[in-house]
């Protein structure tokens, strides 16, 4: 509670234990802070967890997506089909390789790319499909993979928000040519900053390892066979990730319990629709807690009223095609992706983290009801 008597509620908060801290301290004491045993063990644990042959740790999810676009053959004139409802990195990674993102509108129920509309967006310049498992809800990977196979395209899963999620009983990250996870502090598990690419392709594994390390091939000292990047994950981050993934299922279960507490309380508020599992989802991985407000309510006014009570919220996500530089570069205008725009204008992320107590959930839900009541009276 602050000096004005307002209860302060964090938007998100990583789950850090003494075990996490001890393992990171071991790295500091070892004197080896880069390219050591911890990153190798972390990669092994992730590939075993996801169910792929290989995993390559990188500096961020964005770095992983960039490398996948390079290996998928994106270049000047290439196109990649993806969603406009995502964090902007999923489109930026295509631009890094001078390709063009081709947006397909989303499904209104799942918020993921509309799998039925992908085929119509594919042409002879298309080299890949990049679905995003938004908010930890798996995209329709069965249909997406069938379309990709029929059209001879690579599928790169953006699973940056979805570690542990399952579609038809299979973990996301094991469907495409490669997949990318991210471990920013607000994610289900964290390495501080960092990400990892999973794949079953031995050639991609070798190329990813070279590209993340300035194009160096294997252990050859200062022998750089191609243009690469400094996209390595450090040993400190890898140690934190190693500790976190050892208890990932517990983290996911506790996040699911917080989401269930929200769902129970918000069921009584008729103007709010909580996020639920999408079709064929056998496990949802809760990244953030999103609600969709009735279209008659001003989402921004509700957010302001909650802020007055010490409750932060976020707009997840502003449409990528309406970001200033995308609109300027490609001439996008409002109305081109109407479902994305409707969803983006009505969704709100509420405070959410692994250790959020039920009293905090109660506080947020009561404040949300009060804000909605005030907004309803104002607009009557």
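The numbers here are math on the coordinates, done by the rules we state, and not lab data. Note that this is a predicted model, so its numbers are computed, not measured. Because the Cβ atoms are built from the backbone with ideal geometry, glycine has one as well, and the counts that use them run over all protein chains shown.
Quick look at the values:
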item	result
Nearest-ten-degree value, helix 141-151 long axis tilted from longest Cα axis of the chain	50 degrees
Residue-span extension gain [residue 224 to residue 264] - 0.36 nm each, minus C-alpha spacing	8.8 nm
Residues 204, 286, 221, sorted so that the one with the fewest Cβ neighbours within 10 Å comes first	221, 204, 286
Mean separation of Cα contacts under 8 Å (6+ apart) over length of the chain, as relative contact order %	22 percent
Residue order, fewest to most beta carbons within 10 Å, for 83, 110, 246	246, 110, 83
Packing-based order for 347-354, 123-130, 325-332, using average beta carbon neighbours within 10 Å, highest first	347-354, 123-130, 325-332
Full-stretch length increase - residue 279, residue 108 - with 0.36 nm per residue and alpha-carbon distance subtracted	60.3 nm
Degrees, to the nearest 10: 235-245 long Cα axis against longest axis of the chain	60 degrees
Helix-derived mean residue ellipticity, 222 nm - over the chain, DSSP H n ≥ 4, -39500 (n - 2.57), to 500	-12000 deg cm²/dmol
Most fluctuating residue given options 186, 234, 301, as computed from a GNM of the chain linking Cα atoms under 10 Å	301
Full-extension gain in nm, residue 17 to residue 37, via 0.36 nm per residue minus C-alpha separation	5.1 nm
Simple label model, 7 Å out from Cα along Cβ direction - residue 355 to residue 217, nm	4.9 nm
Residue order, fewest to most surrounding Cβ atoms within 10 angstrom, among 38, 96, 316	96, 316, 38
Cα centroid separation, segment 357-380 to segment 152-179 (Å)	36 Å
Scattering curve values for the chain, log₁₀ I(q)/I(0), Debye with Cα scatterers, q = 0.12, 0.13, 0.14 Å⁻¹	-0.94, -1.08, -1.22
The chain: angle of helix 358-379 to the longest principal axis, Cα-based, in degrees nearest 10	60 degrees
GNM result for the chain, Cα springs below 10 Å: residue of 180, 81, 270 fluctuating most strongly	270
